[in-house]
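See below for the structure under consideration.
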Amino acid sequence: RAEAEQRIQTLRTELEEYNYRYHVLDDPTVSDAEYDRLMAELLRLEEVYPDLVTPDSPSVKVGGEPLPYFEKVEHRIPMLSLGNAFSFDDLQDFDERIRRLSGRESIDYVCELKIDGLAVSLRYEDGVMVRGATRGDGRTGENITQNLKTIRSLPLRLRELVTLEVRGEAFLPKKEFERINRVKEERGEALFANPRNAAAGSLRQLDPKLAAERTLDIFLYGIGEMEGVQNPLTHTASLDLLQKLGLKVNPERVTVKGIDDVMDFVNHWREHRMELGYEIDGIVIKVDDLALREQLGFTAKSPRWAIAYKFPAEEGVTV
Ligand SMILES: Cc1ccc2cc(C(N)=O)cc(O)c2n1
């Protein structure tokens, strides 16, 4: 039994490292076959020694028992929706209001791709993922921890054992969306209209094994509550912190000075978004300086320091 415990620990560490390299760094170090063989060995050992299973064991990525229903979860820091911009005039107005309210000549912005998926919140305590929830109405969401744990690129344990709540967008890559719809077509089932609906459908399955069959992915974009870590001064530093903790952050983000460079970024991705392996429905633009965000505050339903520039809906089939 002692050597089994030792072997289980070794397998866990190895599988976690492989997950991180493959799904977060997109730089696999072992073949899928080798990964599957190690996972099968871990599952077998955990079956023989069920009392050795821990909530952060990589084996939960293959999904546990189905739930009868989803519990409700309160978001202590509400997950707000973003105001929308549909033109460059809207972006100019957004920038002008911030410069007027702040008295600053030029504003630093972070531009991110707006992933077209499902907004989720994840809570890590002492570095271990303890809960995952849908955004819901921004204040109350559904507890989908078991399903979120099946996302390969989402670490069950952070690289620093801190306690924090992070927010991100879970999504289905285009290729996986097409595979799932081909399977549905063969089974004569109704197809998913788009990757966003497919991601939502997968994450709201009561049976985590079904969620595990679908290769969902996730990009994290924000920090909610945080303990034991000193507050970053900028959004850029927050995103760097998320990456340092082993969380997957979309690599296409930029920090720019002034709204003109924001418009260049919007133009670039309006042209090139079809080249991405996942669907985006716009660009998120955020004030970088967190102290300035405090000064700007919120309207009734969205922050004054962020806006989503929306692209027109993608025509035709996503290639
Ligand atoms: C505050 C907020 C709200 C929704 C968001 C949504 C996305 C997204 N869909 O990628 C990215 C962000 O940075 C967001 N930030």
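The values are calculated or read from the model by the stated rules, or taken from the named source; none is laboratory data. Please read these numbers as outputs of a predicted model, since none were measured by experiment. Note: ideal-geometry Cβ built from the backbone for every residue, glycine included; neighbour counts use all protein chains shown.
Taken over segment 154-183, residues that are over 19 Å from Gln205 (Cα atoms) and of a type in the set (S, T, N, Q) amount to 1. Go through Lys248, Lys301 for me and flag whichever is surrounded by fewer than 16 Cβ atoms within 10 Å (Cβ to Cβ), within 15 Å of the ligand (Cβ to nearest atom) and not in a strand (DSSP E or B). Testing whether each residue is surrounded by fewer than 16 Cβ atoms within 10 Å (Cβ to Cβ), within 15 Å of the ligand (Cβ to nearest atom) and not in a strand (DSSP E or B) leaves just Lys301. Return the pairs, sorted by first residue and then second, in which the second residue is loosely packed, with under 14 Cβ neighbours inside 10 Å and in a loop (DSSP other than H, G, I, E, B), the first residue lies in segment 124-140 and is in contact (Cβ under 8 Å) with a residue 24 or more places away in the chain, the beta carbons are less than 6 Å apart, and the residues are 6+ apart or on different chains. Close Cβ pairs (under 6 Å, with a partner that is loosely packed, with under 14 Cβ neighbours inside 10 Å and in a loop (DSSP other than H, G, I, E, B)) amount to Asp126/Leu161; Gly127/Leu161.
Against the criterion of being away from the ligand (no atom under 15 Å from the Cβ), in contact (Cβ under 8 Å) with a residue 40 or more places away in the chain, surrounded by fewer than 21 Cβ atoms within 10 Å (Cβ to Cβ) and among the charged types (D, E, K, R), Arg253 does not qualify.
Within the group Arg76, Arg37, Arg100, which residue is part of a helix (DSSP H, G or I), of a type outside the set (Val, Ile, Thr) and modelled with pLDDT under 95?
Details: Arg76 fails: part of a helix (DSSP H, G or I); Arg100 fails: modelled with pLDDT under 95.
Residue meeting the stated conditions: Arg37.
Of all residues in segment 277-287, those satisfying the criterion of being within 12 Å of the ligand (Cβ to nearest atom) and assigned to a loop (DSSP other than H, G, I, E, B) are Tyr278, Glu279.
Give the residues of segment 207-238 that are more than 12 Å from the chain's Cα centre (by Cα) and within 16 Å of the ligand (Cβ to nearest atom), sorted by residue number. Walk me through how you get there before you give the answer.
Filtering segment 207-238 for residues more than 12 Å from the chain's Cα centre (by Cα) gives 207-215, 224-238.
Gly224, Glu225, Met226, Pro232, Thr234, His235, Thr236, Ala237, Ser238 - these are the residues of segment 207-238 that are more than 12 Å from the chain's Cα centre (by Cα) and within 16 Å of the ligand (Cβ to nearest atom).
Considering only residues in segment 163-185 that are of a type in the set (A, V, I, L, M) and more than 9 Å from the chain's Cα centre (by Cα), the one that is farthest from the ligand (Cβ to nearest atom) turns out to be Val183.
Being surrounded by 13 or more Cβ atoms within 10 Å (Cβ to Cβ), out of contact with any strand residue (DSSP E or B) (no Cβ under 7 Å at 6 or more places or on another chain) and part of a loop (DSSP other than H, G, I, E, B) is the filter here; which residues of segment 79-90 pass it? If the condition is that a residue be surrounded by 13 or more Cβ atoms within 10 Å (Cβ to Cβ), out of contact with any strand residue (DSSP E or B) (no Cβ under 7 Å at 6 or more places or on another chain) and part of a loop (DSSP other than H, G, I, E, B), then Ser81 is the only one that fits. Tallying residues that are of a type outside the set (Ser, Thr, Tyr) and away from the ligand (no atom under 16 Å from the Cβ) within segment 96-147 yields 23. Of everything listed in (1) outside any helix (DSSP H, G or I); (2) out of contact with any strand residue (DSSP E or B) (no Cβ under 7 Å at 6 or more places or on another chain), the single unmet condition for Ala212 is (1).
Only one of (1) assigned to a loop (DSSP other than H, G, I, E, B); (2) crowded, with 17+ Cβ neighbours inside 10 Å; (3) of a type in the set (S, T, N, Q) is not met by Gln230, so which one is it? Result: Gln230 fails condition (2) only.
Scan segment 148-162 residue by residue and report those that are part of a loop (DSSP other than H, G, I, E, B) and either within 16 Å of the ligand (Cβ to nearest atom) or not charged (D, E, K, R) (or both).
Residues of segment 148-162 that are part of a loop (DSSP other than H, G, I, E, B), as a first pass: 149-156, 158-162.
Selection gives Thr150, Ile151, Ser153, Leu154, Pro155, Leu156, Leu158, Leu161, Val162.
Is it true that Glu225 is free of Cβ contacts under 8 Å to residues at least 60 places away in the same chain, outside any loop (DSSP other than H, G, I, E, B) and surrounded by fewer than 15 Cβ atoms within 10 Å (Cβ to Cβ)? The answer is no for Glu225. Tallying residues that are in contact with a helix residue (DSSP H, G or I) (Cβ under 7 Å, 6 or more places away or on another chain) and either at positive phi or within 15 Å of the ligand (Cβ to nearest atom) (or both) within segment 186-203 yields 2.
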